[in-house]
Amino acid sequence: DLRGAYFENADLRGANLQDVQLNGAHLKNANFEETDLMWANLENADLHNTRLDGAYLQGANLEVANLNGANLEWANLEWANLQGANTDYATMKGAILCNTTMPDGTKDNSGC
């Protein structure tokens with residue numbers, strides 16, 4: 001349980017953080033490249049300019065998260081919840097969007 005933790009600028013590349021509770025955490029500029037965040041709770045987390053490229057975010061809760069400027073290239077967002085998230089300037093090239101709840105509440109099935 002890492003709710004509200006401060007991991008700004010942390011390098012957690014490739015870590016296994018499956019099912020972790022990071023709601024409200026401060027993760028600005030952190031590196032989660034290819035990190036396993038399946039079913040993680042990142043609700044209301046600050047992920048501004050965070051590297052999540054190639055991360056495994058299947059079923060992750062990113063509701064109301066700040067993903068402004070985040071790199072989500074090639075991330076697996078299958079079944080993830082991004083409702084209300086700030087994705088301004090986020091890069092999602094090649095991301096897997098299958099049954100993903102987008103910031104506006106719609107479901108994206110383009111990667112199924």
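The values are calculated or read from the model by the stated rules, or taken from the named source; none is laboratory data. All values reported here derive from a predicted model rather than from experimental measurement. So basically every Cβ, Gly included, is an ideal-geometry build from the backbone, and we count neighbours across all protein chains shown. Quick note on the areas: whole protein, heavy atoms, side chains included, nothing else; ligands and nucleic acids left out. Shrake-Rupley method; radii C 1.70, N 1.55, O 1.52, S 1.80 Å.
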Handout entry: Boolean, residue 30 is within 11 Å of the chain's Cα centre (by Cα) and either within 25 Å of residue 1 (Cβ to Cβ) or among the basic types (Lys, Arg) (or both)
Key = no
Practice task
Go over the candidates 36, 19 one by one and state the one that is surrounded by 18 or more Cβ atoms within 10 Å (Cβ to Cβ), at pLDDT 95 or above and acidic (Asp, Glu).
Solution key: 36
Exercise for the section: Could you tell me whether region 69-90 includes any residue that is surrounded by fewer than 22 Cβ atoms within 10 Å (Cβ to Cβ) and aliphatic (A, V, I, L, M)? Expected result: no
Fill in the blank from the handout: Per the list (1) touching a Gly at 6+ places or on another chain (Cβ under 8 Å); (2) open to solvent by 20 Å² or more (accessible area, probe 1.4 Å), residue check on residue 25 breaks on (2)
Completion exercise
Here the qualifying pairs (Cβ atoms under 7 Å; residues six or more apart or on different chains; first in region 70-86 and under 13 Å from residue 32 (Cα atoms) and without any contact (Cβ under 8 Å) to a residue 24 or more places away in the chain; second surrounded by fewer than 24 Cβ atoms within 10 Å (Cβ to Cβ) and basic (Lys, Arg)) come out as 71/51; 73/93
Practice task
Could you please give the count of residues in region 42-68 that are open to solvent by 30 Å² or more (accessible area, probe 1.4 Å) and either over 14 Å from residue 78 (Cβ atoms) or hydrophobic (A, V, I, L, M, F, W, C) (or both)?
Solution key: 10
Handout entry: Within region 93-112, tally of residues that are open to solvent by 50 Å² or more (accessible area, probe 1.4 Å) and at pLDDT 95 or above
Key = 5
